[in-house]
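Trainee: Please see the structure below; I have some questions.
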Amino acid sequence: MTTSIDGSFYRKLLLGGGAVLEANKETVNNLNVFPVPDGDTGTNMGLTMSAISTHPDPHIDSIGAYASYAAKDMMRSARGNSGVILSLFFRGMARVFEGHDTADAALVTTAFREGAKSAALAVDKPVEGTILTIMRECCAEDVDTNGDIGELLEEYYKKAAMVLPRTTEMLPALKRARVVDSGGCGFVHILDGMRRTMAGEDLSSLVPEKAEEVANPVGNLANFGEYETEDIKFSFCTEALLDLSGELPVDTVRTLREYLSAMGDSMVLTTDDEILKLHIHTNEPFCVLEYVTSLGTLRFSKIENMKLQHKNLLTSDGKTEIPASELTASLHDAAHSAETEEKKKFGIFAVASGAGFADLFHELGADRVIEGGQSMNPSAEDIIDAIKSCPCENAIILPNNSNIILTAKQVSRILEDTNIVVIKTKTVPQGLGALVAYNQLRSLEENLEVMTEASEAIKTLSFTRAVRDAELEGLSIKKRDFMGLVEDDVKTVGEDLLSCVEALIPEMQSYEIITVYSGRGVKERETEEVVGLLKSRLPDDCEIIPIEGGQPIYPFVISAE
């Protein structure tokens, strides 16, 4: 009977949990179907737990001190959604153990519950039937163990193993694939290792062939053929670990969460006074990384194309073709090889703000999109960091704002090993037009000429609200009035948006293609009203194209070409 544990014994429990998980890693990988079939849950959870075994024993006897030490190590080693969630669970436990030299059964119970709560709070949109459910339910009920921690862990393991099969019915994705939740299964393996270690079993030499498998009555392998690659809404699994110089303000974290929530799903975000850890599935990985790296120093990042992973996991009969662990390794090898390749001849670096605009630049071939624009100009260092992340002989910068052109030119004075060329694009539509004209087969001089010519052929109209009263170029402007601008010049003012758009229609009369970029938060009905007005007033052969730009500040940006 064990009634208390110290830091040294807690480390043994974590090592035991990690050993059983590692022995069953591939089983967990092959269960992975939610939220997309990327097949690496076991690998990611294993990497998280490996922080305990790969780092030397710090010989910390206090459970409070060691739990904090271990939680920080796991946070830094965490990979993937499941890995980050797991590290947050142990971080929550560490908070309860803080200040205690030993822990009794009551404190362990409280720690488990706080761990489950901490993990759930960090997930943007918690879903039942995942590892979060297993974490919560295993310790939800009070257990009378007469203070025996070994019996307590035994009961937690039994309850988790009992709840695990139910996850199949909780999530349609799991039911379709006829499997249990992979993250939940991994957590059950960890509990199994902890309770077996408590019982005195030596798990240090455990190998997969001898591992005990958790009962899974609905099948052992996920059938990836149940899913179409095109059904994956967000393509890139994106992770980042940043060093912070101090705890981020609450408002900054709230703004970060709001921004990232609009960029994808499956988000797990956590911060403390030292690090920021992020996992998200998104279609704009570089925008995500560019945004978060403004908050600290990037230590680690990873982007994996889950659509490519899914295609590679399928054969014609829809069965798994290669182990997910091998695929993950091959992707990392490919990324490493790319880093060591020779510099590419041209690199395109565009400045823009807005998810839609970022997507357009990437689709047209931009190597990096640097977050920035009106009221949020990037620094020279931001542009330099982007160029360094994509080594090239010639870096073509599209500043897309008159206030950023000089900053872009400063880059050439700092980067000596790269030829810097700045196309003087003053608006995002001009930058898009320049990129359309780009051809990697041309010489630098030819590209500079045709891209500049293409950008200058585009007229940009933008609409926004005034932030203060002003008298400008004969116009009396009141705070909150709508303003219509042509390039950088205010041309019209009105109390409503449509009247401003109508006033500037003559500016578009002689153009063949009009593109209407709607801003962040603009409703579909509002876009339809603007497009309808333009169609009613412009020539019939004028093509009008609505696109979601997602830009802040300007509800609408219109390009004419």
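Trainee: Looking at (1) on the phi > 0 side of the Ramachandran plot; (2) assigned to a helix (DSSP H, G or I), which is the only condition Gly99 fails?
Mentor: Going through the list (1) on the phi > 0 side of the Ramachandran plot; (2) assigned to a helix (DSSP H, G or I), Gly99 breaks only (2).
Trainee: On to the next question. When you check Ser53 against the structure, is it small (Gly, Ala, Ser) and under 21 Å from the mean Cα position of the chain (by Cα), yes or no?
Mentor: no
Trainee: Could you check the stretch 113-166 and list, in sequence order, the residues that are of a type in the set (A, V, I, L, M), more than 23 Å from Phe9 (Cα to Cα), open to solvent by less than 10 Å² (accessible area, probe 1.4 Å) and at pLDDT 90 or above?
Mentor: Ile131, Ile134, Val163, Leu164
Trainee: Any idea how many residues of the stretch 550-561 are modelled with pLDDT of 90 or more and either small (Gly, Ala, Ser) or surrounded by fewer than 17 Cβ atoms within 10 Å (Cβ to Cβ) (or both)?
Mentor: 2
Trainee: Also: I'd like the residue in the stretch 417-439 that is assigned to a loop (DSSP other than H, G, I, E, B) and touching a residue at least 24 places away in the same chain (Cβ under 8 Å) and, out of all such residues, is nearest to Ile558 (Cα to Cα). Can you show your working first?
Mentor: In the first step, residues of the stretch 417-439 are kept if they are assigned to a loop (DSSP other than H, G, I, E, B); the result is 417-418, 423-427, 438-439.
Retained after the next criterion (residues that are touching a residue at least 24 places away in the same chain (Cβ under 8 Å)): 418, 423-427, 438.
Numbers: Thr418: 34, Ile423: 21, Lys424: 19, Thr425: 15, Lys426: 14, Thr427: 11, Tyr438: 22 Å.
My answer is Thr427.
Trainee: Another question about this same structure. Return the residues of the stretch 30-70 that are buried (at least 18 other Cβ atoms within 10 Å of the Cβ), more than 24 Å from Met306 (Cβ to Cβ) and at pLDDT below 90; say none if nothing qualifies.
Mentor: Result: Ala51, single match.
Trainee: Could I ask something else about it? Does Leu88 meet the test of being among the aliphatic types (A, V, I, L, M) and more than 21 Å from Thr270 (Cα to Cα)?
Mentor: No; evaluated as a whole, the condition is false for this residue.
Listed here are the residues, each with its yes/no results for (1) β-branched (Val, Ile, Thr); (2) free of Cβ contacts under 8 Å to residues at least 24 places away in the same chain.
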{"residue": "Val20", "(1), (2)": "yes, no"}
{"residue": "Asp57", "(1), (2)": "no, no"}
{"residue": "Tyr69", "(1), (2)": "no, yes"}
{"residue": "Val108", "(1), (2)": "yes, no"}
{"residue": "Arg113", "(1), (2)": "no, no"}
{"residue": "Ala116", "(1), (2)": "no, no"}
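Trainee: Please identify the pairs in which a residue from the stretch 507-527 that is at negative phi has its Cβ atom under 8 Å from the Cβ atom of a residue that is of a type in the set (S, T, N, Q) and assigned to a loop (DSSP other than H, G, I, E, B), counting only partners at least 6 apart or on another chain.
Mentor: Pairs that qualify, where the first residue is at negative phi and the partner is of a type in the set (S, T, N, Q) and assigned to a loop (DSSP other than H, G, I, E, B), are Tyr517/Gln551; Gly519/Gln551; Arg520/Gln551.
Trainee: Can you pull out every residue in the stretch 219-273 that is modelled with pLDDT under 80, under 21 Å from Gly183 (Cβ atoms) and open to solvent by 20 Å² or more (accessible area, probe 1.4 Å)?
Mentor: Gly219, Asn220, Leu221, Asn223, Glu226, Tyr227, Asp231, Lys233, Ser266
Trainee: So in the stretch 449-485, with the set limited to residues that are open to solvent by 90 Å² or more (accessible area, probe 1.4 Å) and among the acidic types (Asp, Glu), which one is nearest to Ala560 (Cα to Cα)?
Mentor: Glu456
Trainee: Further, regarding this structure: Among what's in the stretch 333-369 and is open to solvent by 60 Å² or more (accessible area, probe 1.4 Å) and in contact with a strand residue (DSSP E or B) (Cβ under 8 Å, 6 or more places away or on another chain), pick the residue that is modelled with the highest pLDDT.
Mentor: Across the stretch 333-369, the extreme among qualifying residues is Lys345.
Trainee: Also, I was wondering about something else. Please state which of the following conditions Asp469 fails to meet, knowing it meets all the rest: (1) over 32 Å from the mean Cα position of the chain (by Cα); (2) modelled with pLDDT of 90 or more.
Mentor: (2)
Trainee: Please work out which residue is least open to solvent (accessible area, probe 1.4 Å), limiting yourself to the stretch 488-514 and to residues that are more than 13 Å from Thr464 (Cα to Cα) and within 37 Å of the chain's Cα centre (by Cα).
Mentor: In the first step, residues of the stretch 488-514 are kept if they are more than 13 Å from Thr464 (Cα to Cα); the result is 502-514.
This time we only want the ones that are within 37 Å of the chain's Cα centre (by Cα), so: 513-514.
Details: Ile513: 55, Ile514: 0 Å².
Checked the stretch 488-514; the qualifying residue least open to solvent (accessible area, probe 1.4 Å) is Ile514.
Trainee: In addition: Among the residues of the stretch 1-29 satisfying the criterion of being of a type outside the set (Asp, Glu) and assigned to a loop (DSSP other than H, G, I, E, B), which is least open to solvent (accessible area, probe 1.4 Å)?
Mentor: Within the stretch 1-29, the match that is least open to solvent (accessible area, probe 1.4 Å) is Asn24.
Trainee: Also, quick follow-up: Can you tell me how many residues in the stretch 377-416 are in contact (Cβ under 8 Å) with a residue 60 or more places away in the chain and either surrounded by fewer than 24 Cβ atoms within 10 Å (Cβ to Cβ) or assigned to a loop (DSSP other than H, G, I, E, B) (or both)?
Mentor: 3
Trainee: Same structure, new question: Any idea how many residues of the stretch 95-104 are touching a residue at least 24 places away in the same chain (Cβ under 8 Å) and open to solvent by 10 Å² or more (accessible area, probe 1.4 Å)?
Mentor: 6
The values are calculated or read from the model by the stated rules, or taken from the named source; none is laboratory data. Everything numeric in this text was worked out from a predicted model, so none of it was measured. In this analysis, Cβ positions are derived from the backbone assuming ideal geometry, glycine residues included, and neighbour counts consider all displayed protein chains. Keep in mind that these areas ignore ligands, DNA and RNA; they rest on the heavy atoms of the full protein, side chains included. Shrake-Rupley method; radii C 1.70, N 1.55, O 1.52, S 1.80 Å.
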